[in-house]
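Below is one structure, written out as structure tokens; comments come after it.
The values are calculated or read from the model by the stated rules, or taken from the named source; none is laboratory data. Just so it is clear, the structure is predicted and the values come from calculations on it, not from any experiment. Cβ: placed from backbone, ideal geometry, glycine included. Neighbour counts: every protein chain shown.
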Amino acid sequence: MLTWVQPACTNPPYTPTACYGNDASQFPSSNLFAAAGEGIWDNGAACGRQYLVRCISAAVPNTCIQGQTIQVKIVDRAQTSVSPPTKEGVTIVLSNTAFGTIGNSPATSMNIEIQQV
């Protein structure tokens, strides 16, 4: 699936979340997590799902880190998160760590490929 993504706009703590409330243990130690947009939220069934994510393209040249794929865990709903999307139709909001692992600054969004694991 090809989709647009953006980084979280806030710094930790990212709680409470729609999936796990204030439980800090929900976040992977790698900090590779995300909030699901409405397209994959599935009435909360997305909570805990894992996705492989890689950058395909972006408006800012040289944004994508070629050959870099990450696995993220869905811990929140993007529309109600402490860092909601700034654009309509965002499918996933990545943690700052996740976004920076597959894309370079100063990009604020990128086109990605995601695959549920």
Just for the stretch 76-117: of the residues that are within 11 Å of the chain's Cα centre (by Cα) and of a type in the set (S, T, N, Q), which one is modelled with the lowest pLDDT?
-> Ser83
Quick check: is even one residue across the stretch 51-70 more than 16 Å from Leu94 (Cβ to Cβ) and part of a helix (DSSP H, G or I)?
-> no
For the stretch 18-47 the number of residues that are without any contact (Cβ under 8 Å) to a residue 40 or more places away in the chain and under 13 Å from the mean Cα position of the chain (by Cα) is 3
Mind checking whether some residue in the stretch 77-90 is farther than 19 Å from Pro16 by Cβ and surrounded by 16 or more Cβ atoms within 10 Å (Cβ to Cβ)?
-> yes
Qualifying positions in the stretch 1-38 - more than 19 Å from Gln71 (Cβ to Cβ) and modelled with pLDDT of 70 or more = Thr15, Pro16, Ala18, Gly21, Asn22, Asp23, Ala24, Glu38
In the stretch 15-36, anything under 18 Å from Ile114 (Cβ atoms), in a loop (DSSP other than H, G, I, E, B) and of a type outside the set (S, T, N, Q) is listed as Cys19, Pro28, Leu32
Only one of (1) touching a residue at least 60 places away in the same chain (Cβ under 8 Å); (2) assigned to a helix (DSSP H, G or I); (3) touching a Pro at 6+ places or on another chain (Cβ under 8 Å) fails for Thr97. Which number is that?
-> (3)
Please enumerate the residues belonging to the stretch 101-117 that are closer than 22 Å to Arg49 by Cβ and in a loop (DSSP other than H, G, I, E, B).
-> Ser109, Val117
